[in-house]
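Notes follow once the structure below has been shown.
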Ligand code: ATP
Ligand code: MG
């Protein structure tokens, strides 16, 4: 222990567990890369006002969960709590929206929210996300959902469910919103929730309390208020998902509170995670660009939580098939052998072999222990007598079988054995 430990609500990724996180990020990114999404990276902090506008002044993220700071120069910044606003800001700044549309981007990184820490809920967590900017096409909504499902499947995850809804558009949503407000005003609700009716009425549908849910029976639902265009759009998304063999549940109560979220909205939940069940979510945000001062730019995206995906894999007992960290482990005995073998290892690494070395002048017994622990297929053993004879011992660590090869052809021999 040192005097310091990781701040509350955070944790370190440490080998061997850290390999799972890396594998999850890569597995989520792989289908995106194959579908033409380009990698984007933005700063870990932005002007706080970007999130106030781009996530929403009335959201928990902005009112309670944001890490804000004033710089010495007087700038009001915030650690990014999510990725979409930053990605859109960067795309507009670089004028990507003036080129061919849609602009398809993916990202991976750390996000910060001042939350009450608990299993699956941290103050620093990581997401991989994807955004398709500047196009209104149900195939794009379907594409993103399918890519997320394919990513989860490629990891071997099974017990996740996709919840799907449509939030309508600027034509039909205001009418629905007013109808919902009328209904909610007739209910027996606490002061906080009453305030929500004015600012964020859709969010009331999302209330986790039984006392509220009981009263919501019979509430008007967006799906019964969709205009013809939204109905057709949503039906097309559903048909494309069905054709792709993607199972989903229509969830009329799945909402996002803000007006710039439109039409398709979805969430991936995993039943093995207790109350932090959302492993990812997303949807269409046709009005967001205008909210942050950009042109009209209908867009759709999602963000998947890496931490919760790792927890979900563990809950299902999935062990990822990670490539062995080490193919070959070198065991030198004596100073001269050490120098010679270090050269062999360097050459093997340059030839693409994962190779490690017994450092620290360990004795033969300890060095062989390290070799076994490394998971390597072969130990390369070089003693003083071997050196004198110009040979190197290649020991198969599974069978224990040992063969001597000429030292100056050792690299080629090992490369051939590893095929
Ligand atoms: P929740 O309802 O659990 O608070 P959210 O709606 O705030 O989730 P999003 O903003 O949609 O989550 O973020 C997408 C994903 O990022 C979530 O589905 C989840 O997997 C992950 N995530 C969000 N907040 C956290 C957190 N504090 N710790 C770990 N993962 C998180
Ligand atoms: Mg949250």
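Since every read-out is calculated from the coordinates, none of them should be taken as a lab result. Worth saying up front: this structure is predicted, and the values here are computed from it rather than measured. Neighbour counts are summed over all protein chains in view; Cβ atoms, including those assigned to glycine, are modelled from backbone coordinates with ideal geometry.
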(request) Quick one: angle between helix 306-315 and the longest Cα principal axis of the chain, in degrees between 0 and 90, rounded to 10, please. (result) 70 degrees
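Taking the convex hull of the Cα atoms, report for the stretch 263-303 its projected area averaged over all directions, in nm². Kindly include the intermediate steps, with their values, before the conclusion.
Details: hull surface 13.6 nm².
For the stretch 263-303, averaging the hull's shadow over all directions gives 3.4 nm².
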(request) State the extension gain, in nm to one decimal, for the chain segment bounded by residue 319 and residue 250, taking 0.36 nm per residue of separation less the distance between their alpha-carbons. (result) 21.7 nm
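Over the chain, what number does the Rg to Rh ratio reach, with both radii from the alpha-carbon atoms and Rh per Kirkwood? Intermediate results must be reported in sequence, preceding the final value.
Details: Rg = 27.5 Å, Rh = 24.8 Å.
Rounded to two decimals, Rg over Rh is 1.11.
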(request) Please find, in a Gaussian network model of the chain (springs between Cα atoms separated by less than 10 Å), the residue of 366, 165, 200 whose mean-square fluctuation is greatest. (result) 366
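Cα-based Rg of the stretch 54-120 per 2.2 N^0.38 Å, rounded to two decimals?
On the way: Rg = 14.7 Å, N = 67, 2.2 N^0.38 = 10.9 Å.
The reported ratio for this selection is 1.36.
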(message) With n ≥ 4 as the cut-off for DSSP H runs, can you work out [θ] at 222 nm for the chain, using -39500 (n - 2.57) per run divided by the number of residues, rounded to the nearest 500?
(response) -11000 deg cm²/dmol
(request) Please determine, in degrees from 0 to 90 and to the nearest 10, the orientation of helix 84-93 with respect to the longest principal axis defined by the Cα atoms of the chain, where the helix direction is its Cα long axis. (result) 90 degrees
(message) Given points 7 Å out from each Cα along the Cα-Cβ axis, report the residue 26 to residue 60 separation in nanometres with one decimal.
(response) 3.4 nm
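Over all directions, what mean area does the Cα convex hull of the stretch 284-383 project, stated in square nanometres?
Values: hull surface 47.7 nm².
Its Cα hull, projected and averaged over all orientations, spans 11.9 nm².
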(request) Taking the chain as the reference, fit the longest principal axis to its C-alpha atoms, fit the long axis of helix 138-155 to the helix C-alpha atoms, and give the angle between the two in degrees, 0 to 90, nearest 10. (result) 40 degrees
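State the extension gain, in nm to one decimal, for the chain segment bounded by residue 182 and residue 214, taking 0.36 nm per residue of separation less the distance between their alpha-carbons. Before the final figure, lay out the partial values.
Values: separation 32, 0.36 × 32 = 11.52 nm, distance 1.71 nm.
Gain in length upon complete extension: 9.8 nm.
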(message) For the pair residue 118/residue 41, report the inter-label distance in nm, with labels modelled 7 Å from Cα in the Cβ direction.
(response) 3.5 nm
(message) Can you give me the orientation-averaged projected area of the convex hull built on the Cα atoms of the stretch 1-61, in nm²?
(response) 7.4 nm²
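Report, as a whole number in µm² per second, the diffusion coefficient that Stokes-Einstein gives for the stretch 134-292 at 25 °C and 0.890 mPa s using the Kirkwood radius over alpha carbon pairs. The partial results should precede the final answer.
Values: Rh = 16.7 Å.
Translational diffusion coefficient: 147 µm²/s.
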(request) At 0.36 nm per residue, minus the direct Cα-Cα distance, what do residue 1 and residue 243 gain on full extension? Give it in nm, one decimal, please. (result) 81.6 nm
(request) Hey, for a label at residue 369 modelled as a point 7 Å past Cα toward Cβ, could you say which residues of the stretch 329-349 have their backbone N under 19 Å away? (result) 329-334
(message) Distance between the C-alpha centers of the stretch 342-419 and the stretch 182-225? Whole Å please.
(response) 68 Å
(message) With a 10 Å cut-off between alpha carbons and a GNM built on the chain, which of 388, 219, 27 moves the most?
(response) 388
(request) Give the share of C-alpha pairs in each 5 angstrom bin for the stretch 328-418, from 0 to the last occupied bin, in whole percents, shortest bins first. (result) 3, 16, 29, 29, 19, 4
(request) Post the alpha-carbon centroid distance, the stretch 78-98 to the stretch 21-40, in whole angstrom. (result) 19 Å
(request) Would you calculate the separation in nanometres between label points at residue 275 and residue 409, each defined as 7 Å from the Cα along the Cα-to-beta-carbon direction? (result) 6.8 nm
